Structure formats: C-alpha cells, structure tokens
Amino acid sequence: MATVGRIARAHGIRGQVIVNPETDFPEERFRPGAEIYVERNGRVEALTVTTVRFQQGRPVIGIAGVETMNDAETLAGHELRVPVSQLATLPADTHYRHDLIGCRVETQAGELVGTVKDVEGTLSGSRLVVAAERGEVLVPLVAQICTAVNPAAKRIVINPPEGLLEVNFTG
C-alpha cells in the first residue's frame, strides 16, 4: 500500500474531513467513488469517497458511513492508502516518494551521506530528507545533483555543490 494522504481533522458537522495530500494527483485519488484504505484498530478498512471539494489546495472529502463530526474526528491523523497496483505510471526519471524512502545516498566518490527518510515538496520541486551521521541533510531532488536514482537497487548517487552537505545539516 502507498500513502496518498493523511486526514488532518474533521471539517464541519456533516462528517467531512480535511486531507493533507501526499500525492501529485489529488483530483484523481479523492474523486467521488474512489476507494481508499485506512488502518484502524489493527485492521485495514476500505473507505469510499462520496464528495470532494478543494479548499486552499487540500481536499475536503465526505466518506460513506461517516455522517457526524464525531465520526470524522475518529479518523484524524490516519494515513490514507491505496494498493501500489493502483498507482499511475510515472513519466521517465520521476519516482514515487515511497520508492525513494530507504534508499542509500552516496556521493559520486562513494562516500555514504545517509539514508532517505522522507521526500518533501511537490513534483515540480522536491528534496530528499536524508538521515546522516551528523543529523538530517536536505538534498534537492534535481538531475544536476542527483545524478543516478535507482529505487530498485535502493541507491541514489549525488554530486552536491560545494558546501551543500555541510550547510544543510539540521541536527
């Protein structure tokens, strides 16, 4: 299963929820009739989207069987997922976030930088959050810096500009 969003909170009194999308295709993922999954109480449950509208770039969705604010509040904080088999095929040289998490990041000289623990941003401007020995380092996910991205081998080779690794440590 791939994460496509996280429920931020209940919205209104009719059981709607606000979603923080983690997909570049929110209109497709959260359309009426779409099936998304959530894990609650150790069980994976299928949820059906009944309504959607976008408010400040975030989907506000209605879910079948979630009729009240109290029902919606029980979903706050939960990840929304879909089976990997339902993901769209991406253009060449683009990758899903979940494919990059866990990749080993090293320089062209073979020096280990760390492991990707998250990917922030959007399709047009993303960066890798790398857990390094000295703390987190942020690496722009652009071809000039990330010269080889191989999710199947769990490996990303970077050619960082001088000072990038040192200046970006957040720890």
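The values are calculated or read from the model by the stated rules, or taken from the named source; none is laboratory data. Keep in mind that this is a model prediction, so the values were computed, not measured. Cβ placement follows ideal geometry from the backbone for every residue including glycine, while neighbour counts extend to all protein chains displayed. Note: areas computed on protein heavy atoms with side chains; ligands, DNA, RNA excluded. Shrake-Rupley method; radii C 1.70, N 1.55, O 1.52, S 1.80 Å.
A few points about this structure:
- Residues satisfying the stated conditions in the stretch 1-59, i.e. touching a residue at least 60 places away in the same chain (Cβ under 8 Å) and closer than 16 Å to ALA72 by Cα: GLY5, ARG6, ILE7, ALA8, ARG9, ALA10, HIS11, VAL19
- Taken as a whole, the structure places ALA131 among residues that are in contact with a Ser or Thr (Cβ under 8 Å, 6 or more places away or on another chain), more than 24 Å from ARG29 (Cβ to Cβ) and open to solvent by 40 Å² or more (accessible area, probe 1.4 Å).
- Qualifying residue in the stretch 78-99 (condition: touching a strand residue (DSSP E or B) at 6+ places or on another chain (Cβ under 9 Å), aliphatic (A, V, I, L, M) and without any contact (Cβ under 8 Å) to a residue 60 or more places away in the chain): no
- Test result for ASP71, touching a helix residue (DSSP H, G or I) at 6+ places or on another chain (Cβ under 7 Å) and not in a loop (DSSP other than H, G, I, E, B): no
- Residues of the stretch 132-148 satisfying the condition of being over 12 Å from GLU106 (Cβ atoms) and among the hydrophobic types (A, V, I, L, M, F, W, C): VAL137, LEU138, LEU141, VAL142, ALA143, ILE145
- Residue match in the stretch 109-124 (condition: at pLDDT below 85, over 15 Å from the mean Cα position of the chain (by Cα), more than 15 Å from GLU22 (Cα to Cα) and open to solvent by 50 Å² or more (accessible area, probe 1.4 Å)): no
- Among residues of the stretch 47-68, those that are in contact with a strand residue (DSSP E or B) (Cβ under 6 Å, 6 or more places away or on another chain) and either outside any strand (DSSP E or B) or β-branched (Val, Ile, Thr) (or both), counted: 9
- A single entry from GLU106, GLU136 fulfils the requirement of being more than 30 Å from ALA8 (Cβ to Cβ), assigned to a strand (DSSP E or B) and either hydroxyl-bearing (Ser, Thr, Tyr) or in contact with a strand residue (DSSP E or B) (Cβ under 9 Å, 6 or more places away or on another chain) (or both): GLU106.
- In the stretch 82-101 there is at least one residue matching the filter, namely being at pLDDT 90 or above, in a helix (DSSP H, G or I), surrounded by 11 or more Cβ atoms within 10 Å (Cβ to Cβ) and touching a Leu at 6+ places or on another chain (Cβ under 9 Å).
- Residue selected from the stretch 7-41 under the condition among the β-branched types (Val, Ile, Thr) and in a loop (DSSP other than H, G, I, E, B), by the criterion surrounded by the fewest Cβ atoms within 10 Å (Cβ to Cβ): ILE13
- Count of the stretch 136-149 residues which are within 18 Å of the chain's Cα centre (by Cα) and exposed (fewer than 13 other Cβ atoms within 10 Å of the Cβ): 1
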